[in-house]
1. Being farther than 19 Å from Pro645 by Cβ, in contact with a helix residue (DSSP H, G or I) (Cβ under 8 Å, 6 or more places away or on another chain) and modelled with pLDDT under 80: is that true of Val727 here?
2. Is it the case that region 93-110 has a residue that's within 21 Å of Leu190 (Cβ to Cβ) and of a type in the set (Gly, Ala, Ser)?
3. Considering Asn440, Asn387, which residue is of a type outside the set (Gly, Ala, Ser), open to solvent by 10 Å² or more (accessible area, probe 1.4 Å) and within 27 Å of the chain's Cα centre (by Cα)?
4. Starting from residues that are open to solvent by less than 30 Å² (accessible area, probe 1.4 Å) and touching a residue at least 24 places away in the same chain (Cβ under 8 Å), keep the ones in region 642-660 and report whichever is farthest from Ser779 (Cα to Cα).
5. Let me confirm something: among Tyr332, Tyr319, which residue is under 23 Å from Gly393 (Cα atoms), outside any loop (DSSP other than H, G, I, E, B) and modelled with pLDDT of 85 or more?
6. Answer yes if at least one residue in region 499-507 is open to solvent by 40 Å² or more (accessible area, probe 1.4 Å) and modelled with pLDDT of 90 or more, and no otherwise.
7. For region 603-624, which positions are within 25 Å of Ala711 (Cβ to Cβ) and open to solvent by 60 Å² or more (accessible area, probe 1.4 Å)?
8. Taking the condition in a strand (DSSP E or B), hydrophobic (A, V, I, L, M, F, W, C), more than 37 Å from the chain's Cα centre (by Cα) and not assigned by the TED database to the domain that holds Asp454, does Val353 pass?
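The values are calculated or read from the model by the stated rules, or taken from the named source; none is laboratory data. Since the structure is predicted, the reported quantities are computational estimates derived from the model, not experimental observations. Virtual Cβ from ideal backbone geometry, glycine too; neighbours counted across all protein chains shown. Please note that ligands, DNA and RNA were not included when accessible areas were found on the heavy atoms of the full protein model with its side chains. Shrake-Rupley method; radii C 1.70, N 1.55, O 1.52, S 1.80 Å.
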Amino acid sequence: MGNDTSTCGTKDNPCETIAGAKVIKNQKEVCLKSGIYENSTIPHRMRWWKTEEEEGERPTLKCLNSVSVTSAGDLMWSGIHIQNCSGSISTVNIQIDSVLISSSILRSSRIFNTSITNSTFLSSFSLSVQFGEHDQGQHLFTLDNNRFLSATYDFMAISPSSTKSQVQISHNFLGPNTKMTTSLRSWTELNIINNTCGGISSRSSLWIDTIQSDDSRFNVLHNRLGYLSLAIKLIVMPNLIFEENFISRAVVTIQTTGDSLYTSRPKSQLNIIRNRIGSAQWLLQEEHTDASNSEEIGVNEEALSHNILNNNTIDSLEYSIQKTVIGLITHYDIRGNRFEQVTLLAASLNSDVLNLTENTFTRTNETFDALSISQIQGFTIAVADSNFENYDGAGIAFRDVIHSAIYVDRVNVSNCRNGGIRMNLYNSRAQITSCTVHNNTSPSDGGGIALFGDNAAVDISQSNLTQNFASHASCLMGSLGRDSSVQLRDVYMTVADNVTTTTDHSVVVLTSKYNTSQVNLQCTDGSFLDAREQEKHLLWSCSLCESGSYTLGRGMIVADNKTGTQCNKCPQGAICEVGKPVSSRGDFWCGATDGELRCHPCPNGYCRRDDHPWQQPCVGDRDGILCGGCKDETTLGFLTSFCLPTHKCKPQLLAVASLMPFLYSAVLMALPIGDGSIWKSTSYFIQTVPLLGRSFLGFCLGTFNYVQKEAFSLYLPFGTVLILCLVSLGLCVIDAIVKRRKGDARVMHIEWKKRSVISRSTAASVGALLLVYSGVVSSCLKLLFCVQPGVWVMYNDGTERCNQTWRTVLIAISSVTLILAPILILLLRRRLKRSEETVHRDVLIVLEGCYRPGRKYWESIYMGRRLMIAVAYVFITNEAWTQPVMHLLMITSLIAHLYLKPFVTKVGQNLETICLISLTVITLPISHGGLFIDVVIQILIAFPLIVSGSLMGKKLFVKLRGKWRKRCRKNELAEESEALLINISL
């Protein structure tokens, strides 16, 4: 490669070895070709020599033993590989650029500037630099754009305290598992800028340990590191800018140990802004080494120090402040940050101020408090405009607060599982204003706010403590000692609904002096307010009523006025169990009046049959008192207890229904008098079935209330009777007029099918009265039946009051005609028997024509049975009794019918037997559920109707066949007569 000559060392004449003595002596710049060089001495100037077109590995210099570099000039290395070199350097400046360095330890002293740039550190490296005093300006120590691969690297730079100095650590790359430690002494400015690592989760770390003098500045900017440790020890608090860094874990310790008067030191400022840090630990410690002079140092309020931590995203922050100096007041401003967890420890001999404002706390899956502030002494701490939500620990926890003032303002604490706000106060005061503490729980005391300590003053105002829960004192616990005081002003509190047996139901417990003003408390539904107040003890509980008692709504305090402070006895029809809301039994309706619950048996088919919340009793779209009304857009239907949608109504059927009395009147007038058994049994069966409480069909004709519906139901029977009575009366009037004028009652003898018209109309009127009797009785009784669930209302329509005039008229008419009808029938029979008139005879046939001798009175028995069924249907309101009573009536009727056999014809006897058996089975006291039972009941209802229809059809067929045969016989006789006449004539 070259020759070791006296002139070697140039580009055209290189040396063979670096050990050429002449090279070292003349301090020439050594240019090295690619290769490995082993030497005991190192030139202070070396660089890689190659042409622009030449390729190859950079030259490697291996040190055989300890080396020494001494020069009056600068050390300048470029483009080479330094390996296994240990020794000392004595030059003015150190400039290392684009060098590979591995396993080397270098020391230097009395250096002015040191610069290591664009280099790669392959393995462990250590550099110790002692800077000397110079008059050429400030010292510079630069580590810029270097790559530190996986190893441990140590740098130490010591600068004279009398000289301005600057450290620049920037644009460096730290590989995985790299640890870079930099120890600095007496530097006035430190810049750590744009350093990166091999992934934010790597184990690379940057350690800065520095001891500074007065007026130091630190800039930590735009770094992306796995771990950063910055330890600063100096006389006074420095100015620090920590901005826009992305660090997995950062540990910053700043410790001052000044011994001068702190009122004259410069104002310092720590700015921690817009960083993204996984875990951060800040320790600010200010100590006074001469404690004997501390009392002579006054507080200069104009000399303020500011520590700012704004707009950062930090998962876990541990912030510790320890001040044992008197003098400078420091303001700590923590604002606009996003945290998962914050732990603060703060103690000061001054009246320092710590503000935590506009921060957001977001929970992870770990268990910890959102904001934990411990060992507070000599501070004014304000927490404002922040949210604390969904933590397994407490929302805000103040522990061991001594001689301090706490302000919590406009804070939301919710869904925390170890209490909302917890404070331990000693000789301190706290003010909680305009806060919302919602849905927090605690396994012990104070789900919302818990106060402990001694000699404390607490003021809680304009705040909401809602839905919090704890085993003791769900909203507020105050155990502060008897010399403490708690003031509640304009506070609104509610209790959580998750009532369990693990709580004593206390809501507010205070064991100190207290004062309340405009306090509002709302207990859970079904609990009463138990307020016990003494001079230095306050206990408000939302207790549950014992089984068998209840309270409606909830106990409350409204503007200091207490309501709902006692329990009521559980009424019949309600279920009152401890720990459960009041409910209604099946087929009962319960309503509240003046704070008391009144329960009544519900009309059949109106209410739920199972136990249910007392506020939700109705079925079938019903609503209102006793479920007597209908919901919006629904109306009462016929043949059903449900309310039907109004859009399904068929008002066009009203025209058809209005003609029914005329049609029914015509049918009754046309029927033979002796055909009453089939019509009676069928009609009685049809009218009795709806009274048994089983209805499966339903229709509506329009929008009707209950009175209108019942009045319309009475239109057919009353209309039929009225029409027939008018016909009879009209004929009687006409007959009287004709008889007066002509002396002959011709109208009385007008016949239709061998019966006079007046006889037919009169008999039809009596028959109609008998057929519609049970329906009219039940409708009238239902309109008359009233109960008092607060006010007197109709039982079957709780929306209608009973103090109406028409009811008085109805009572008078019904009591005379309907109830006494069976007796009136007996009297009528006795009178008709003494008369020989045709009309009276026909009426008597209607009354007793279908009954055999000795049982002619059976129509009164019939009416009495229907009256008892109607009375039982209307007035027995307990579902448990309705079916058994109805069943008993049906069995009694069936037995009497089978034993006495009242009907004259076998067909009438059999049809009535079928109807009574069907009614007896229908009234069996069995459960109402199941499709099978419903189908069986429908079959039982349909079968008697089918039988009666077939009997009517058979009877009609027989009659028509007889008429046809009679006509045929008449024609045969006519033909025979004609033939006989012809034979005679012949």
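1. Numbers: farther than 19 Å from Pro645 by Cβ: yes; in contact with a helix residue (DSSP H, G or I) (Cβ under 8 Å, 6 or more places away or on another chain): yes; modelled with pLDDT under 80: yes.
Yes, satisfied.
2. Initial filter on region 93-110 (within 21 Å of Leu190 (Cβ to Cβ)): 93-96, 108.
Checking which are of a type in the set (Gly, Ala, Ser) leaves us with 108.
Checking region 93-110: at least one residue is within 21 Å of Leu190 (Cβ to Cβ) and of a type in the set (Gly, Ala, Ser).
3. Numbers: Asn440 fails: open to solvent by 10 Å² or more (accessible area, probe 1.4 Å).
Within the list Asn440, Asn387, the selection yields Asn387.
4. At the first step, the residues of region 642-660 found to be open to solvent by less than 30 Å² (accessible area, probe 1.4 Å) are 643, 649, 657.
If we keep only those that are touching a residue at least 24 places away in the same chain (Cβ under 8 Å) too, we end up with 649, 657.
Details: Cys649: 22, Ala657: 18 Å.
Checked region 642-660; the qualifying residue farthest from Ser779 (Cα to Cα) is Cys649.
5. Details: Tyr332 fails: under 23 Å from Gly393 (Cα atoms).
Criteria check complete, one pass: Tyr319.
6. Restricting attention to region 499-507, the residues satisfying the condition of being open to solvent by 40 Å² or more (accessible area, probe 1.4 Å) are 499-502, 504-505.
Filter once more, keeping what is modelled with pLDDT of 90 or more: none.
No, there is no match, as no residue in region 499-507 is open to solvent by 40 Å² or more (accessible area, probe 1.4 Å) and modelled with pLDDT of 90 or more.
7. Within region 603-624, Asp621, Asp623 qualify.
8. Values: in a strand (DSSP E or B): yes; hydrophobic (A, V, I, L, M, F, W, C): yes; more than 37 Å from the chain's Cα centre (by Cα): yes; not assigned by the TED database to the domain that holds Asp454: yes.
For Val353, the condition - in a strand (DSSP E or B), hydrophobic (A, V, I, L, M, F, W, C), more than 37 Å from the chain's Cα centre (by Cα) and not assigned by the TED database to the domain that holds Asp454 - is met.
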